[in-house]
Amino acid sequence: MKEINLSTRDLRAFLALVDQRSFTRAAQQCNLSQSAFSTQIRAIEESLGDRLFDRDTRNVSLTPQGQVLEQSIRRMVTEFDEMVDDFRGRAAREKGRVAVAALPSVASGWLPGIVAEFRRRYPGIELRLADVLSAPCLELLRAGRVDFALASSNVQAKDLQAELLCEDRFHLVCRRDDPLATQARVGLRDLAAAPFIHLARSHSVRQQLELAFHPMPLNTVLEVEQLATLTGMIAAGIGITVVPALTLFEFQRPDLISRPIRVRGLVRRLYLVQRRGTVLSPAARSLYDLMLERRPTGPSVSTP
């Protein structure tokens, strides 16, 4: 079987002749001389092995075989143009999709401002966010369901590539009438002796606290999953807690107070993580770069 090799240039020449019904006008539309255009049409017919146009001195019309091809060629050219427009739009960051996974404490505090700015800059890009804990963030990343993740633990695996976003210092949170609220200096033993409300073990914050306090046991009186629950329990006088600075917006109540603490090794490092060896799409790269551009700032947050 003879191989058929037609270019988009050939398909556009075919459609130009169909629409113009004149070799002269079609050649002008294609920016070709009439002889070059006629040669191109003959080459198309020879490649397909059939005559596509009837010619006379006044008119050019499609043969039955040409009529069969017309709609298919129009559809092919339209789909090709749409594909090119979409590709150019993505390359220009006007279109595309990006999916990111982020820790809930960051997704509800620092990240909303980033998302708002991203949508202003790139209104044509569709954004999907999964606000999950650090381990599920990395699971979604490994499964290819997100382009990159904002996580704080277990990011140094061989299949992952991590870039430090910031270092987040820890704060004591307690009621204003708690003895620790006014104590001149709060040390490790003071924190360990106080009634302590923990986040669940699935939280990276809990894991970091236990490592920093080890081997000193904490006086744990309650364990909860959500920061909002933690806030309510502290306000009710049940106990105190220690959390990273970027979560403090959750505890902004008149009856609560936060104080920075210094415990050796107690710092939360936040990373932007992607699969090693992969290249981010233009849309994903735009969001990734914006996060680096707008790194968290503040007295208890340091950046590289």
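The values are calculated or read from the model by the stated rules, or taken from the named source; none is laboratory data. Small disclaimer: the values here were computed from a predicted structure and weren't measured. Glycine also receives a Cβ, built like all others from the backbone with ideal geometry; neighbour counts cover every protein chain displayed.
Looking only at residues of segment 119-137 that are part of a helix (DSSP H, G or I) and touching a strand residue (DSSP E or B) at 6+ places or on another chain (Cβ under 6 Å), we find that the one that is farthest from Pro282 (Cα to Cα) is Ser134.
Within segment 154-208, the residues that satisfy the criterion of being basic (Lys, Arg) and in a loop (DSSP other than H, G, I, E, B) are Lys158, Arg176, Arg185, Arg201. When you look at Leu248, is it surrounded by 14 or more Cβ atoms within 10 Å (Cβ to Cβ) and closer than 21 Å to Arg175 by Cα, yes or no? When the stated conditions are applied, Leu248 passes them. Scanning segment 279-294 for residues that are surrounded by fewer than 16 Cβ atoms within 10 Å (Cβ to Cβ), in contact (Cβ under 8 Å) with a residue 60 or more places away in the chain and not in a helix (DSSP H, G or I) gives a single hit, Arg294.
Is segment 204-223 home to any residue that is over 30 Å from Ser286 (Cβ atoms), of a type outside the set (Gly, Ala, Ser) and surrounded by 20 or more Cβ atoms within 10 Å (Cβ to Cβ)? Yes: segment 204-223 contains one or more residues that are over 30 Å from Ser286 (Cβ atoms), of a type outside the set (Gly, Ala, Ser) and surrounded by 20 or more Cβ atoms within 10 Å (Cβ to Cβ). Out of (1) surrounded by fewer than 19 Cβ atoms within 10 Å (Cβ to Cβ); (2) assigned to a loop (DSSP other than H, G, I, E, B); (3) at pLDDT 90 or above; (4) not acidic (Asp, Glu), the odd one out for Val146 is which? (1) is the only condition that Val146 fails.
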